[in-house]
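Single-structure report; data block below.
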Amino acid sequence: MHEPRKLYVKSFGCQMNVYDSNRMADTLAKEGYVETQDPADADLVILNTCHIREKAAEKVYSELGRLRKAKQEAGSDTVIAVAGCVAQAEGAEIIKRAPVVDLVVGPQSYHRLPEMLAQVKGGRRVVDTDFPAEDKFDHLPAPSAAATRKRGPTAFVTVQEGCDKFCTFCVVPYTRGAEVSRPVAKILGEARALVAQGVREITLIGQNVNAFHGEGPDGKTWGLGRLLEELAGIDRLERLRYTTSHPRDMDDGLIAAHRDLPQLMPYLHLPVQSGSDRILAAMNRRHGSALFFEIIDKLRAARPDIALSSDFIVGFPGETEADFQATLDMAERVGFASAYSFKYSIRPGTPAAEHGDQLSESVKSERLARLHQVLEASKTAFDRACLGRRFDILLEKPGRLPGQLIGRSPYLQSVVVTAPPAGIGEFVTVDITEVGPNSLAGRVVDAVEDRGRTSDRPLAAMEA
Ligand code: SAH
Ligand code: SF4
Ligand code: F3S
């Protein structure tokens, strides 16, 4: 018998790519590929790429340069594939620029990988960036039980793909195509299979996840709130999250789910991009700052312990100091528990790239540093306020030191505890004893009876 073929997949960009990478590995497992963590050892390397900012897209080419060198030095015949959003955006151009690439495959065609690889074996270069009529999810095999167990107690499930919002800075509507929701029955089936293999937390993902409008088992169109309610009924599925949302699609049904479903974690990533109404309009976000504040008020009324995170872009074309000040003010007012901020990056083919009033790199850098300072301060304040709180933690992986495990709090903070390795996949109740810049540390008080609920009882109340 010959050795199994080895596959190395590297994901860049968002959670959608992480999910897709797993599904590609599942598809290729059926073809006899096993995953390796070492590209030098692989018969097939797949780079699952991101096109969102120039830097992200350029990373692919430096990675390809390294792979070409390693391949030449070893004299190997490793097949190199580029998947994901750079593949979709640049297609055959990738092979022109990096002739080491054998295969370019866009996000809608992963189910065709086995045939494409057969063509590559036959000595052809293959480029497939179609948006095929068939649904790739119908053709992508489910993960094996062993693969799910290896991936740990948390999992992503794609419920929606693509985006129709066309924000003027963004490539996603072009790389991922129009918004499509999966049918509810398929999502439930996938979730149940994951839970049967020990998954305890599911994050529903989509480029615009709260625009979800899937066909329900009753033939009606279901929104995300209704889908979450149904998922919350699955026994042993203790935690639910969803990402990434658009403020425009935060409807009352979804906000009510935050009030009604204890499984839905009190933490929401809600990108706003800017605090300036003028810039929000120029970005085609189709809402102003008032709607954003209103949604936050409603969420906090529905779930008082909810914490928020967001994305911001600084230096959008035409952004004045006053516009930027509005963003700083918004960040101060909301007090985000965490946030990402980016310098505006010109993306070819998007409307904002044509804008005459592009800002200089130095203005963008200066604004990014100022915003970063405000966001860091509120993150630190949030983390510090967790000192002495009691959380349920889902233990996910070994820590850096022997005897340690790392889990996640309801707020997605990494929490380091002392616990035996068998605890992975289990919930424990933890008192937070230390707050560091990148993680918290805590003391295990108990295995969780009422598993996974956000038992955020203050210590004093416990002692009373
Ligand atoms: N669908 C989500 C986010 C998609 S991309 C939403 O609607 O918000 C993730 C983040 O990348 C965005 O929230 C935005 O902050 C950032 N981003 C997207 N395009 C960008 C660009 N051209 N320059 C800088 N940041 C960008
Ligand atoms: Fe991009 Fe806007 Fe769609 Fe988000 S909503 S993916 S930022 S176009
Ligand atoms: Fe990047 Fe594509 Fe995701 S551009 S952020 S990998 S949808």
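The values are calculated or read from the model by the stated rules, or taken from the named source; none is laboratory data. Just so it is clear, the model here is predicted, and its values are computed rather than measured. Every residue, glycine as well, gets a Cβ built from its backbone with ideal geometry; the counts of neighbours run over all protein chains shown. With ligands, DNA and RNA removed, areas are computed over all heavy atoms of the protein, side chains included. Shrake-Rupley method; radii C 1.70, N 1.55, O 1.52, S 1.80 Å.
The single residue among Glu376, Glu396 that is touching a Lys or Arg at 6+ places or on another chain (Cβ under 8 Å) and away from ligand 1 (no atom under 16 Å from the Cβ) turns out to be Glu396. Going residue by residue through segment 220-234, is there one that turns out to be under 30 Å from Val86 (Cα atoms), within 16 Å of ligand 1 (Cβ to nearest atom) and surrounded by 20 or more Cβ atoms within 10 Å (Cβ to Cβ)? Checking segment 220-234: at least one residue is under 30 Å from Val86 (Cα atoms), within 16 Å of ligand 1 (Cβ to nearest atom) and surrounded by 20 or more Cβ atoms within 10 Å (Cβ to Cβ). Residues that are at pLDDT below 95 and assigned to a helix (DSSP H, G or I): does segment 74-84 have at least one? Looking for residues that are at pLDDT below 95 and assigned to a helix (DSSP H, G or I), one finds at least one in segment 74-84, hence yes.
The numbered conditions (1) within 16 Å of ligand 1 (Cβ to nearest atom); (2) touching a helix residue (DSSP H, G or I) at 6+ places or on another chain (Cβ under 9 Å) are all true for Gly198 except (1). Answer yes if at least one residue in segment 7-22 is crowded, with 19+ Cβ neighbours inside 10 Å, of a type in the set (A, V, I, L, M), within 16 Å of ligand 2 (Cβ to nearest atom) and not in a loop (DSSP other than H, G, I, E, B), and no otherwise. Within segment 7-22, one or more residues are crowded, with 19+ Cβ neighbours inside 10 Å, of a type in the set (A, V, I, L, M), within 16 Å of ligand 2 (Cβ to nearest atom) and not in a loop (DSSP other than H, G, I, E, B). Search segment 319-346 for residues being assigned to a loop (DSSP other than H, G, I, E, B) and out of contact with any helix residue (DSSP H, G or I) (no Cβ under 6 Å at 6 or more places or on another chain), and hand back the single one that is farthest from Ser245 (Cα to Cα). The residue in question is Thr320. Working only within segment 306-318, note down all residues that are under 15 Å from Ala369 (Cβ atoms) and away from ligand 3 (no atom under 16 Å from the Cβ). Answer for segment 306-318, where residues must be under 15 Å from Ala369 (Cβ atoms) and away from ligand 3 (no atom under 16 Å from the Cβ): Val314, Gly315.
This table checks each residue for (1) within 16 Å of ligand 2 (Cβ to nearest atom); (2) surrounded by fewer than 21 Cβ atoms within 10 Å (Cβ to Cβ).
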| residue | (1), (2) |
| --- | --- |
| Leu308 | no, no |
| Asp311 | yes, yes |
| Phe316 | yes, no |
| Glu319 | no, no |
| Gln325 | no, yes |
| Tyr344 | yes, no |
| Pro351 | yes, yes |
| Gly356 | no, yes |
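Look at Pro107 and say whether it is open to solvent by 10 Å² or more (accessible area, probe 1.4 Å) and in contact (Cβ under 8 Å) with a residue 24 or more places away in the chain. No, not satisfied.
Which of the residues spanning segment 261-274 are more than 16 Å from ligand 2 (Cβ to nearest atom) and touching a helix residue (DSSP H, G or I) at 6+ places or on another chain (Cβ under 9 Å)?
Selection gives Leu261, Pro262, Gln263, Leu264, Pro266.
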